[in-house]
Amino acid sequence: MLKHYDEIDKKFGRARLSSWNSIKNAEIRIHPDFIGISRCYREIFKALEHNLTNVNHAQHLHVWQLKKSSTYYLMYDFHYYFQHQRLPNKNLKIKIRTLPTTTEDLNALQEFSSRKFINTLSSHRYKIERIHPDPSQNNGQHVPLKIT
């Protein structure tokens, strides 16, 4: 069971570090198996009670890449990506790992993503009336990465 980033390093190897500028024009997508949790993140992100300028900016964004592909996939910490879209952090570093292909590894990452989501929920205040549950339902449709 993956609980911390260092456990991700142990299981999948250390990430390659890059700058945001080196991948900002690449395609960044949500992995299809993580669409549901990303929608939950998006809904709570819209319901944040405080101003984003007071929220700690992520120093690293974790992405996963298919071998020999220019597409990067988000699988957890979606709120950092959404935050970066609204308030770009010019010093943001990207941690890039090779996308796992086994069901077991993807399941472990889904569980990790769920744990991170629960931690995110418990660490911020939200205006509950802003959360709309319908968009968080995974109906297999494409999820745009832009926050509206």
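All of (1) open to solvent by 30 Å² or more (accessible area, probe 1.4 Å); (2) of a type outside the set (D, E, K, R); (3) modelled with pLDDT under 85 hold for Q110 with one exception: (3). Residue pairs whose Cβ atoms lie under 7 Å apart, separated by 6 or more positions or on different chains, with the first residue in the range 25-37 and free of Cβ contacts under 8 Å to residues at least 60 places away in the same chain and closer than 11 Å to Y76 by Cα and the second open to solvent by 30 Å² or more (accessible area, probe 1.4 Å) and of a type outside the set (S, T, N, Q), do not occur.
Note on the range 54-104: residues that are open to solvent by 30 Å² or more (accessible area, probe 1.4 Å), outside any strand (DSSP E or B) and under 19 Å from R16 (Cα atoms) total 10. Restricting the first residue to the range 1-19 and requiring it to be touching a residue at least 60 places away in the same chain (Cβ under 8 Å), which pairs with a second residue that is assigned to a helix (DSSP H, G or I) and among the β-branched types (V, I, T) meet a Cβ separation below 7 Å and a spacing of at least six or different chains? Within 7 Å, the pairs are L2/I8. When residues in the range 92-115 are screened for being touching a Lys or Arg at 6+ places or on another chain (Cβ under 7 Å) and of a type in the set (K, R), 1 of them pass.
Any idea which residue in the range 1-35 is nearest to Q59 (Cα to Cα), counting only those that are part of a strand (DSSP E or B) and open to solvent by 100 Å² or more (accessible area, probe 1.4 Å)?
Filtering first and then ranking leaves L17.
Residues in the range 115-148 that are in a helix (DSSP H, G or I), surrounded by 14 or more Cβ atoms within 10 Å (Cβ to Cβ) and either at pLDDT 65 or above or of a type in the set (F, W, Y) (or both): R115, K116, F117, T120.
Per this entry, R42 is counted among residues that are assigned to a helix (DSSP H, G or I) and either over 15 Å from the mean Cα position of the chain (by Cα) or surrounded by 12 or more Cβ atoms within 10 Å (Cβ to Cβ) (or both).
The values are calculated or read from the model by the stated rules, or taken from the named source; none is laboratory data. Everything quoted here is computed from the prediction, not taken from an experiment. FYI the Cβ positions are ideal-geometry reconstructions off the backbone, even for glycines, and counts take in every protein chain you see. With ligands, DNA and RNA removed, areas are computed over all heavy atoms of the protein, side chains included. Shrake-Rupley method; radii C 1.70, N 1.55, O 1.52, S 1.80 Å.
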